[in-house]
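One structure below.
The values are calculated or read from the model by the stated rules, or taken from the named source; none is laboratory data. Keep in mind the model is a prediction, meaning the values are calculated, not measured. Here the Cβ positions follow ideal geometry from the backbone for every residue, glycine too, while neighbour counts run over all protein chains shown.
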There are 2 protein chains.
Amino acid sequence: MADKRTPSADPRRAPNIEDVARLAGVSTATVSRSLNSSGRVREATRKIVETAARELGYTPNFGGQALASNRTNTVGAIIPTMENAIFARAIQALQETLAEHKVTLLVATSQYRPDREEAQIRTLLARGVDGVVLIGNRRAPSAYALLNARGIPFVLLWSAPANSPFVTIGFDNFGAAHDLTTRILEKGHRRIGMISGLTADNDRAFDRVQGVSQALADHGLSLSPHDLVECRYSLKAGENAAMQLLGATQRPTAIICGNDVLAAGALRAARASGLTVPDDMSVIGFDDIELATAVFPPLATVRVPHRRMGVAAGEHLLRWMVQGERPPSLTLPTEFVERASLGVAK
Amino acid sequence: MADKRTPSADPRRAPNIEDVARLAGVSTATVSRSLNSSGRVREATRKIVETAARELGYTPNFGGQALASNRTNTVGAIIPTMENAIFARAIQALQETLAEHKVTLLVATSQYRPDREEAQIRTLLARGVDGVVLIGNRRAPSAYALLNARGIPFVLLWSAPANSPFVTIGFDNFGAAHDLTTRILEKGHRRIGMISGLTADNDRAFDRVQGVSQALADHGLSLSPHDLVECRYSLKAGENAAMQLLGATQRPTAIICGNDVLAAGALRAARASGLTVPDDMSVIGFDDIELATAVFPPLATVRVPHRRMGVAAGEHLLRWMVQGERPPSLTLPTEFVERASLGVAK
């Protein structure tokens, strides 16, 4: 053979899938499945493959096809808000994944308003984007019609509804909320309050409330209307909602919050009321954003797969945009993170 | 006269500048100056005018000119990051201001990387935008050349350099840091440490370090190299940097942080080290984002005019895009916010 160097001997050659397979000690098919986030690989294997790929600087090239010149090399994402950095880490990962393929991500925010989101979908399509990323799955048929009429690849993040006609990359909000509620019940809590985001136009918030309700029902309890306060996602709104729950005759021993921002507000309300968390009351968040460990005590919460959603959204979209092949939906696991804000009920 | 109704009698008629002037009890010229954020109006007057305008639902129509049909009705903003929501409130206000005129804001993030920002400027111009918003004023001439070659209106937020050839809408980072340091010195602190963001590609971070250094020099003190730690803007990085400062033989009695995220990390380091803030050590932030009051104790910090920067950027750009008239630069005031994380030196 003319060239006897091992593949890794030439640092200028771009690493390929065989290099990754060799370093990770797996087959190229496993590398492919691992990096496609297609969910059919054991977590430990996926981690080894990802580490090997990162070490080598390998990025999948989608069958060697480059993005065609009639593409704009732009993807548009519409997120509800940039405040509180709820969507920041996923959008960050999405952007990095797209940037590896020289695709630019443009982001618009809808303020949780369906009419504004639909107008922004129109704008993105008019400006020319090769793909679209939206949050959640419940929206007017007219919004989906817009996307389908143009045949633009689009993926929906943050939820994982069964039998969706669309490509969703998310997690089970109902299941995660059900699980966290069960763990709170296991700590002996029986008087449980909930502060939720506004559920009207937010399927994730709605599903979380349903998950909490169902877990309570499974234990012969219920979430009565005055145990549940809905408000917008802000620290101040969370604080006010918690003050309302704390003012009840029978104040809750645990407050489940629809996200970490509301939970940080609830911690502030507890402090203002002279209550110690978790001795007098437990507070539980959702998301595991950086705020969860910036506050004191740090928040027990649900770890949402922010980064993996963003990476998978980027990879799914790129494959769809380049190969014209509609990717499958993907449901990612969440994890309950126990921290000091959750204690045993008195 | 055919129509004797007072202007405010017909709720369907759009309110005009005279309506606002009447309600606010000022001249129409004052309304115009107030809403143009041109800085030549007393703060109290501006507030009255803004309240009146909001109450009436008045939005300036820029001389009655609508956005021309050859425009894309899109503005692009490139911000360093969406993490930590540092830029979120200004971008939110910018978007709301543009949305009132049916202009959509698309946002890209550069990860504080000048090369990526320049690529994104290219993409935005290629996609077609009527205006561009960038953060900071120091960048390669090639980036400015791109914008100038296309004659696209653009404004630079977050800094206010003297004699800039560009339109800047920001505040005095040096002055704000100088002022906050002086206040810390007034509390008797003499051993002062600083945790800064990476100054290499960030003029705001650089100016803040200079402001702190100058204030110390004014008092015969200095910021020696081992009193200053640079790191990226994250909670963990701030915590690690603070641990480093706390490990010094002479640990500081006050740590000035380049932003609130770093300060939240410093609070965590203090707690991990068994130090009570502010009794054992003071921690001071910069920005006054929501995080500043989510942590405990709440952070003394510099209130940055997030919303006003965003609104002014939108109004300046709209006027420039519609009337073709280059607006003046604008320097907005900052305010030191004293909170419990700053105490008297022991």
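Points to keep in mind about this one:
- If you go through the stretch A:206-246 and keep only what is without any contact (Cβ under 8 Å) to a residue 24 or more places away in the chain and more than 16 Å from residue A:257 (Cβ to Cβ), you end up with A:217, A:220, A:222, A:224, A:225, A:226.
- Helices (runs of 4 or more DSSP H) contained in the stretch B:252-335 and holding at least 3 residues more than 14 Å from chain A (Cβ to nearest Cβ) and at pLDDT 95 or above: B:306-323
- Within the stretch B:99-112, tally of residues that are within 11 Å of another protein chain (Cβ to nearest Cβ) and under 30 Å from residue A:291 (Cα atoms): 9
- Residue identified as outside any loop (DSSP other than H, G, I, E, B), among the small types (Gly, Ala, Ser) and not assigned by TED's automatic domain parsing to the domain that holds residue B:90 among B:205, B:200: B:205
- Residues of the stretch A:280-291 satisfying the condition of being surrounded by 24 or more Cβ atoms within 10 Å (Cβ to Cβ) and over 14 Å from the mean Cα position of the chain (by Cα): A:281, A:282, A:283, A:284, A:285, A:291
- Where strands (runs of 3 or more DSSP E) sit wholly within the stretch B:82-169, those with at least 1 residues that are within 18 Å of the chain's Cα centre (by Cα) and either assigned by TED's automatic domain parsing to the domain that holds residue B:235 or closer than 21 Å to residue B:333 by Cα (or both) occupy B:131-135, B:154-157.
- Of residues in the stretch A:123-152 being among the charged types (D, E, K, R), surrounded by fewer than 21 Cβ atoms within 10 Å (Cβ to Cβ) and modelled with pLDDT of 90 or more, the one farthest from residue B:99 (Cα to Cα): A:138
- Qualifying residue in the stretch A:65-77 (condition: outside the structural domain of residue A:98 (by TED's automatic domain parsing), at pLDDT 65 or above and not in a loop (DSSP other than H, G, I, E, B)): no
- Restricting attention to the stretch A:113-154, the residues that are within 14 Å of chain B (Cβ to nearest Cβ), among the basic types (Lys, Arg) and within 29 Å of residue A:232 (Cα to Cα) total 3.
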